[in-house]
Amino acid sequence: MHPTTSETLTLLVEITRSLHDERPLAVRLQTLFTLLRTTADYRDARLTCWGQAYSAQEQFFSSEDRAIPWDDALMMRIAQNSQAEQRGPDSRGIVYFGAPVRWVDQTWGVFEIRFDDYFPTHVQELALAIIPQLAAAIANEQHRQQHASIIIHSNASVIADPHLSEPQALLLTALGRQLDAPLNLNSLLPLLLRWALDTTRAEAGAICLVDHRHGELVTQVYEGYFVTPDLQNHGRPRWSWNVGLAGQVARSGRAMLVRDITQDPSTRVSGTGIRAELASPISEGGQTLAVLVLDSPRPAAFGESELAFVTALCDRAAQPLRRALVYQESLENSTQLEQVFTGLPTGLALLDVNGYVLRANPSWGQIWGLPIQESRTPFHVPLDLIDALLPRLNEPMHITEFCARGQQSLDEEHTTAIRLKNPTQELRVLSLPSRDSQGVLTGRLWVVSDVTREREVDRLKDEFVSIVSHELRTPLTSILGYTELLLAREFDPADRRQFVQTVYDQATHLSVLVEDLLGISRLDAGKVKLNRWVVAPRQIITELTNQLNAQIERHRVVIRMGESLPPVYIDRDKVKQILFNLLTNAIKYSPEGGEIELRVHDADKGKDLPPDHPRGRWIVISVRDQGIGISREDLERIWKRFYRVDNTNTRRIGGTGLGLSITRSLVELHGGRIWAESKLGEGSVFTFTLPFATDAIVRE
Ligand code: ADP
């Protein structure tokens, strides 16, 4: 049953209304297809439209049935001839009707509709009545898009793009060839940007790489930005791709154009004073590698033609950019490796199969102590290295054998220790097979590390363990021996008292040792803090000599103190510990009856101080003895931890080698210095300084 004329007209009114409402064109067309179905059960319909705004690409709108493909060639013919066509039914029983969407002398698209077997006349009439409405809807859509400022293009290929003029196409071919030349990013990108600026007459522009991992854009090159503190302050500014037109382009992979930013304030552009912005992706293999952005302070500075050219230029630049990125990445990799190679404190050298150095890092020469020019000339390890080291080698044959072993069994790993003298040095050498990128043996990699300090630490540790165990064992043995005796038998009171005294002395010794060890570890950990007071030096000396009374009774102790000594600003207990250590050493290392002099005086305007002593006013305290003395070489070493002068006297006397090291740290915590002078067999003087109270407080 055919609808009546008035029903058809009512439908036409409804279609007309829905074609011109506020909804997006695609939605409005969908309504058109639905309304048409209320009057005739057509198979499917489609509208293909283009106009100025849809320049490069047609837009297709179709009803849902896509089972039978449309004939695009037929549709194009209808558009070109501006003639409606009707066909069928064909072998599949399909009846086809297509009509150009035309107004005066412009074709906006083609409307097509297909039926099974039969094309109702009222639909034909309706279709012809709708066509001017469709032209109006498309024209309006185009107008609206232009004024909304954003036009979205696909990456139309250069040839097919009608907006690429002939001179533009020629220019592009010429530029394209030049784009193939630069290998690295720093040459390619400025070139590309310059052309884009020149050809579009844009005032500013930038190329940003797309960091897909972080969702960011990284500015690589820019030119002519108006006021851009961001760009001036940072070498390569990054920003999130959620911001601005360039970000939108990076995410969508489609070129975009903003004709006038003031019409669309939501778009954030790259600088101030910008009115028009054009951004195009540089994509390869479906991935956006970079975005080229062009800006101008002139509204509508860019149009279809600029957009088409820049898009085509970016297409052409994609391959060269990919190549430059790969090159850049390998360049960065090798720069990073080079930095690691040169910065390593371990000596590294790549040797060829004959033992010549192909490449070595600076530490290689430094560790062996080779002159710089030596490591630059062709250097043959088995001969030249041995030659350079010969005077210092403890076992010259050892290194020769090591080199020979490496050359005989090229694919094995070897390691050895090489000991050198003057100065003493121990090096650990690891020799590994080296291979090229195909895995073929190319020689060896020598890895040389200086392990002198590690060995020294090991030695000191062993020495420490043996000293400490000896020091602990000796007093413990006598404590155990005497207590066993006391438990086993009764002794007369005088003997018993003497035994208990010995036990007490040995226990005191043990306690000093433990205190010293704890002191050292606290000093190391930086936990020792001074509790400073203004104190008269005389007071400290009196307190200390009272404590030491028992120990100094076998020596003559002379105290010389200036009359009017100013107060010092010190930690009383720590200074007592310093003096206690020096006085007990003087007692320990000098014969009975020897004189020990304790002298305290004003530094007399620095005259009595060593040249490198800090400035200011100082009290000088010295402890002089007439004991065994210290040799010149040992004078340097006695300050080291656990260092004990090794001779029969010191072995007999016993000690930990910790006292002076602790003493020095305590003096230096006060800001003072300590030093020693001595002559073997004649005696020693240990001198240290403490700050005047006024000076020290001011300094704090
Ligand atoms: P310790 O006395 O426990 O061995 P120190 O650190 O106090 O440890 O002294 C280190 C070394 O310096 C001593 O072993 C000793 O050889 C030497 N020494 C220190 N003071 C004197 C001194 N007054 N006379 C001679 N030698 C000394």
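Selection of region 302-332 for residues being over 30 Å from Ala276 (Cα atoms) and of a type outside the set (A, V, I, L, M) yields Arg323, Tyr327, Gln328, Glu329, Ser330, Glu332.
Every residue, every condition in (1) surrounded by 21 or more Cβ atoms within 10 Å (Cβ to Cβ); (2) modelled with pLDDT of 90 or more; (3) at positive phi, yes or no:
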| position | (1), (2), (3) |
| --- | --- |
| Trp239 | no, no, no |
| Met256 | yes, no, no |
| Thr262 | no, no, no |
| Pro281 | yes, yes, no |
| Val291 | yes, yes, no |
| Pro299 | no, no, no |
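Residue check: Gly657 meets all listed conditions (1) closer than 28 Å to Val568 by Cβ; (2) crowded, with 17+ Cβ neighbours inside 10 Å; (3) at pLDDT below 90 but one, namely (1).
The set of residues in region 285-339 that are closer than 19 Å to Leu192 by Cβ and of a type in the set (S, T, N, Q) comprises Gln287, Thr288, Ser296, Ser305, Thr311, Gln319, Gln328. Evaluated against (1) away from the ligand (no atom under 13 Å from the Cβ); (2) part of a helix (DSSP H, G or I), Phe580 falls short on exactly one condition, (1).
Considered as a group, the residues in region 477-526 that are hydrophobic (A, V, I, L, M, F, W, C) and in contact (Cβ under 8 Å) with a residue 60 or more places away in the chain include one that is surrounded by the most Cβ atoms within 10 Å (Cβ to Cβ), and that residue is Leu513.
I'd like to know if region 647-658 contains one or more residues that are more than 7 Å from the ligand (Cβ to nearest atom) and more than 23 Å from Ile467 (Cα to Cα). Within region 647-658, none of the residues are more than 7 Å from the ligand (Cβ to nearest atom) and more than 23 Å from Ile467 (Cα to Cα).
So is Ala148 at pLDDT below 75, small (Gly, Ala, Ser), under 21 Å from Leu278 (Cα atoms) and within 48 Å of the chain's Cα centre (by Cα) or not? It is true that Ala148 is at pLDDT below 75, small (Gly, Ala, Ser), under 21 Å from Leu278 (Cα atoms) and within 48 Å of the chain's Cα centre (by Cα).
Is region 531-551 home to any residue that is in contact with an Asp or Glu (Cβ under 8 Å, 6 or more places away or on another chain), within 15 Å of the ligand (Cβ to nearest atom), part of a loop (DSSP other than H, G, I, E, B) and over 18 Å from Thr694 (Cβ atoms)?
Scanning region 531-551 turns up no residue that is in contact with an Asp or Glu (Cβ under 8 Å, 6 or more places away or on another chain), within 15 Å of the ligand (Cβ to nearest atom), part of a loop (DSSP other than H, G, I, E, B) and over 18 Å from Thr694 (Cβ atoms).
Of all the residues in region 612-642, those that are touching a residue at least 60 places away in the same chain (Cβ under 8 Å) and among the small types (Gly, Ala, Ser) number 2.
Apart from one condition, Lys529 fits all of (1) more than 50 Å from the chain's Cα centre (by Cα); (2) without any contact (Cβ under 8 Å) to a residue 40 or more places away in the chain; the exception is (1). Can you pull out every residue in region 436-459 that is closer than 17 Å to Tyr643 by Cα and aliphatic (A, V, I, L, M)? Result: Val457, single match. When Pro382, Pro378 are checked against the criterion of being closer than 23 Å to Arg405 by Cβ and in contact (Cβ under 8 Å) with a residue 24 or more places away in the chain, a single residue qualifies: Pro382.
Does Arg77 count as under 24 Å from His122 (Cα atoms), at pLDDT 60 or above and over 56 Å from the mean Cα position of the chain (by Cα)? Here the answer is no, as Arg77 does not meet what is asked.
Taking region 280-396 and the strands (runs of 3 or more DSSP E) fully enclosed by it, the elements with 2 or more residues that are under 25 Å from Val440 (Cβ atoms) are at 347-352, 357-360. Filtering region 89-116 down to residues that are modelled with pLDDT of 85 or more and among the acidic types (Asp, Glu), which residue is surrounded by the most Cβ atoms within 10 Å (Cβ to Cβ)? Among them, the one singled out is Glu112. Among the residues of region 417-441, the ones that are surrounded by fewer than 15 Cβ atoms within 10 Å (Cβ to Cβ), touching a helix residue (DSSP H, G or I) at 6+ places or on another chain (Cβ under 8 Å) and of a type in the set (Val, Ile, Thr) come to 1 in all.
Taken as a whole, region 594-611 holds at least one residue that is in contact (Cβ under 8 Å) with a residue 12 or more places away in the chain, assigned to a loop (DSSP other than H, G, I, E, B) and within 16 Å of the ligand (Cβ to nearest atom). Per the conditions (1) buried (at least 22 other Cβ atoms within 10 Å of the Cβ); (2) near the ligand (Cβ under 8 Å from one of its atoms); (3) more than 45 Å from the chain's Cα centre (by Cα), the sole criterion not satisfied by Thr663 is (3).
Just one of the listed residues (Leu307, Leu294) is closer than 24 Å to Pro182 by Cβ and either touching a Pro at 6+ places or on another chain (Cβ under 8 Å) or touching a residue at least 60 places away in the same chain (Cβ under 8 Å) (or both), namely Leu294.
Give the residue that is surrounded by the most Cβ atoms within 10 Å (Cβ to Cβ), with candidates limited to residues of region 619-644 that are under 24 Å from Ile552 (Cβ atoms) and more than 8 Å from the ligand (Cβ to nearest atom).
Here the answer is Ile621.
Has region 497-518 got at least one residue that is on the phi > 0 side of the Ramachandran plot and either of a type outside the set (A, V, I, L, M) or assigned to a helix (DSSP H, G or I) (or both)? Within region 497-518 (the criterion being on the phi > 0 side of the Ramachandran plot and either of a type outside the set (A, V, I, L, M) or assigned to a helix (DSSP H, G or I) (or both)), the answer is no, since none of the residues qualifies. Out of curiosity, is Arg617 of a type in the set (Lys, Arg), at pLDDT 90 or above and within 50 Å of the chain's Cα centre (by Cα)? Considered against the rule, which asks whether it is of a type in the set (Lys, Arg), at pLDDT 90 or above and within 50 Å of the chain's Cα centre (by Cα), Arg617 comes out as no. Hey, does region 555-575 have a residue that's among the aliphatic types (A, V, I, L, M), at pLDDT 90 or above, surrounded by 16 or more Cβ atoms within 10 Å (Cβ to Cβ) and assigned to a helix (DSSP H, G or I)? Looking through region 555-575, at least one residue is among the aliphatic types (A, V, I, L, M), at pLDDT 90 or above, surrounded by 16 or more Cβ atoms within 10 Å (Cβ to Cβ) and assigned to a helix (DSSP H, G or I).
The values are calculated or read from the model by the stated rules, or taken from the named source; none is laboratory data. The model shown is predicted, which means the values in this text are computed figures rather than measured ones. Because the Cβ atoms are built from the backbone with ideal geometry, glycine has one as well, and the counts that use them run over all protein chains shown.
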